[in-house]
Amino acid sequence: MTGHPAHHHQETGGLPLEVLLPAVFVVLLADGYVLLAGRARRRNPQAGWNWWRTGWFLAGCTLLAALLLPPIAPWARTATCAATCSSTC
């Protein structure tokens with residue numbers, strides 16, 4: 001086994017913790033913001049809520065997820081190889 005031991009993990013068929021935790025964090029962050037933005041809109045209907053602000057926040061959450069989550073390309077190759085049952089992968 002070469003490389004750093006922390007980079008080797010068993011394939012359990014599910015998502016590894018290094019993918020699941022950042023994804024859950026970003027989803028909870030976005031959900032909480034949308035919930036609070038809706039509450040602020042209902043609390044003061046005359047002033048309303050700037051939906052552009054919510055859109056930009058969600059765009060930032062998307063960028064944060066892209067930075068925190070590992071690249072998808074290795075998974076795509078593994079899934080393609082598993083789907084085609086090719087021995088060349």
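Laboratory data are not the source of any read-out in this text; all were calculated from the coordinates shown. Source: prediction; values computed, not measured. Positions of Cβ are backbone-derived with ideal geometry, glycine not excepted, and every protein chain shown enters the neighbour counts.
For the pair Tyr33 and Leu63, label points projected 7 Å from Cα toward Cβ lie 1.1 nm apart. Placing pseudo-labels 7 Å out from each Cα toward the beta carbon at Trp56 and Leu20 gives an inter-label distance of 3.6 nm.
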